[in-house]
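Data block below; observations after.
The values are calculated or read from the model by the stated rules, or taken from the named source; none is laboratory data. These numbers come from a predicted model, not from an experiment. Positions of Cβ are backbone-derived with ideal geometry, glycine not excepted, and every protein chain shown enters the neighbour counts.
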Amino acid sequence: AQSVTQLGSHVSVSEGALVLLRCNYSSSVPPYLFWYVQYPNQGLQLLLKYTTGATLVKGINGFEAEFKKSETSFHLTKPSAHMSDAAEYFCAVSASPPGAAGNKLTFGGGTRVLVKP
Amino acid sequence: SAVISQKPSRDICQRGTSLTIQCQVDSQVTMMFWYRQQPGQSLTLIATANQGSEATYESGFVIDKFPISRPNLTFSTLTVSNMSPEDSSIYLCSVDRGSSNYGYTFGSGTRLTVV
């Protein structure tokens, strides 16, 4: 079974500062990892995903994440926060690639980001 | 990415009644998923709906409470039955687009309040 832990349910950053959201996973098989963002009163939007290949993954809106197998981590970063980054962010894991039979996502608890002017 | 239309976007319902949520996808997909997001919480998978077979429910969710239909490859419904205030949540449908660049795509959700 897979599980995801997001450290910090709330993160406050100043505009222009580094955004760092932590995600650690537990998986008995090589994981497939995802970061989603949820803006108020909206559904989830995929920021980026790691399936295979390069461990540093670049996503939309200037975000990137690095898969570190030895640390079972997939932390999300953005060099410079913007006011529009205020949202809730979810890390998720699946045990098999998209499209595989029986596949499903397991989500972390989420981290709400507040951006201060 | 897949366009998912979810209806209604929100509703306020009386306890003891039922609400059916619709999810329409703009292209055929094999697997559709239904999630619940309780206030201030993360997403929890309710069930996986494959066309032509009964939905597969996760632990803690039962068909009598959350019946699901999947009549074709672009449409699914989730019914929340005999509602209580504890059912107040956001319900989201999601599809697995396979090995495309988009992976899993989510609808905008149905915000349900039970009074």
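Screening the stretch B:17-115 for strands (runs of 3 or more DSSP E) wholly inside it with 2 or more residues that are facing chain A (nearest Cβ under 9 Å) and either at pLDDT below 95 or surrounded by 15 or more Cβ atoms within 10 Å (Cβ to Cβ) (or both) returns the ranges B:31-37, B:43-50, B:89-96, B:104-106.
Being within 28 Å of B:Asn50 (Cβ to Cβ), within 9 Å of another protein chain (Cβ to nearest Cβ), at pLDDT below 95 and over 16 Å from the mean Cα position of the chain (by Cα) is a property that A:Pro30 lacks.
The set of residues in the stretch A:55-71 that are out of contact with any His (no Cβ under 9 Å at 6 or more places or on another chain), surrounded by 12 or more Cβ atoms within 10 Å (Cβ to Cβ) and in contact (Cβ under 8 Å) with a residue 12 or more places away in the chain comprises A:Thr55, A:Gly59, A:Phe63, A:Glu64, A:Phe67.
Scanning the stretch A:93-107 for residues that are touching a residue at least 24 places away in the same chain (Cβ under 8 Å), assigned to a loop (DSSP other than H, G, I, E, B) and more than 7 Å from chain B (Cβ to nearest Cβ) yields A:Ala95, A:Ser96.
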